[in-house]
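So the structure is just underneath, and the comments pick up after that.
The values are calculated or read from the model by the stated rules, or taken from the named source; none is laboratory data. Computed from a prediction, not measured in an experiment: that's the story for all the values here. When we count neighbours, we look across all protein chains shown, and the Cβ atoms used for this are built from the backbone with ideal geometry, even at glycine.
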Amino acid sequence: MEDQIVSRATAAFLGLALGDALGATTEFMTPAEIRVKHKLHRKIIGGGWLRLKPGQVTDDTEMSLALARAIIQTDGWNLRQIADNFVAWMRGKPIDIGSTVRKGIRMYMNNGTLEVPVNEWDAGNGAAMRMAPVALVTLGDEQQLRRCTLEQAHLTHHHALSDAGCLCVGKMVQAAILGADRFALHALTRELTTEYPTFRFNHYKGYASGYIVDTLQTVFNYIFTTGSFEECLIGVVNQGGDADTTGAIAGMIAGALYGHEQLPRAWLKSLDGHVKKEIEALTPQLLHLSALH
């Protein structure tokens, strides 16, 4: 497989972890509070409400890794293995876990169900944050991307807006890995906003909550108004709110768009070494299982 694809795919997965580690510091803060405390938050320093060590990641990266491991363990897509890995992750008492995610995993533990019922309150960003490994293993197969995206999403989130957001993120990551420019990525967001106008972001209002619409409006605004990976991620996490997840989703798209050479060296150096190493090992294995191989 082409080196460039492996490099961009690795940058997407590492971008997720970098955005998570950077954003965790400002999670649940307002932009004004961030300005008072950090002026401009631009370094991976840990802290935040979770009191993280510098470079430590949260549930966004941990669930993505659990999902990626499940794919490698079964040499392909096996939803039950993914669910089992999520159970093992939750039993390991993670530093953070969203209530919708916890509820979905508990439902699987209690009755083995692999799909939570449709719920109008499940329009959170918790399924979109773990899209990087899904995008990698289904690279080159749009039907497979759709099927796997919805299956993994419905383990915990079952809502039309969550589904649409996850699919759009997956398509953008894949397109960028294959060399799409910003205009091609913008066209994908237009497909989303045509079908679901609520996602429109041309008059960005600055909301960055855990609601999938707020999350993606924040991500899209900074993807298309900045010129580098670093500038994009700094913009996103300084909006506060659900900053680890907005950071993770922006990181996976911007990582694929700008490539590995644009990931800030200081951030990579600060990132948890075990996480970095595992992402670098898992990425080529995921691509090896994709239709492009």
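Reported count of residues in the stretch 220-269, each being under 17 Å from LEU14 (Cβ atoms), assigned to a helix (DSSP H, G or I) and among the small types (Gly, Ala, Ser), is 8.
Of the residues screened, TRP49 is not one that is touching a residue at least 12 places away in the same chain (Cβ under 8 Å), at negative phi and either β-branched (Val, Ile, Thr) or not in a loop (DSSP other than H, G, I, E, B) (or both). For the stretch 100-117, filtering for residues that are assigned to a loop (DSSP other than H, G, I, E, B), modelled with pLDDT of 95 or more and β-branched (Val, Ile, Thr) leaves 1.
Pairing residues of the stretch 3-17 that are among the basic types (Lys, Arg) with residues that are assigned to a helix (DSSP H, G or I), at Cβ distances under 6 Å and at least 6 apart in sequence or on separate chains, gives ARG8/ILE177; ARG8/ALA256. For the stretch 84-99, a residue qualifies if it is at pLDDT 95 or above and either not basic (Lys, Arg) or not in a helix (DSSP H, G or I) (or both), and the qualifying residues are ASP84, ASN85, PHE86, VAL87, ALA88, TRP89, MET90, GLY92. All of ALA184, ALA176 fail the test of being free of Cβ contacts under 8 Å to residues at least 40 places away in the same chain and at negative phi, apart from ALA184. For the stretch 156-191, the set of residues classified as touching a Leu at 6+ places or on another chain (Cβ under 7 Å), among the hydrophobic types (A, V, I, L, M, F, W, C) and crowded, with 24+ Cβ neighbours inside 10 Å consists of CYS168, MET172, ALA176, ILE177, listed by residue number. Scanning the stretch 220-238 for residues that are out of contact with any Ser or Thr (no Cβ under 6 Å at 6 or more places or on another chain) and of a type outside the set (D, E, K, R) turns up ASN221, TYR222, ILE223, PHE224, THR225, THR226, GLY227, SER228, PHE229, LEU233, ILE234, ASN238.
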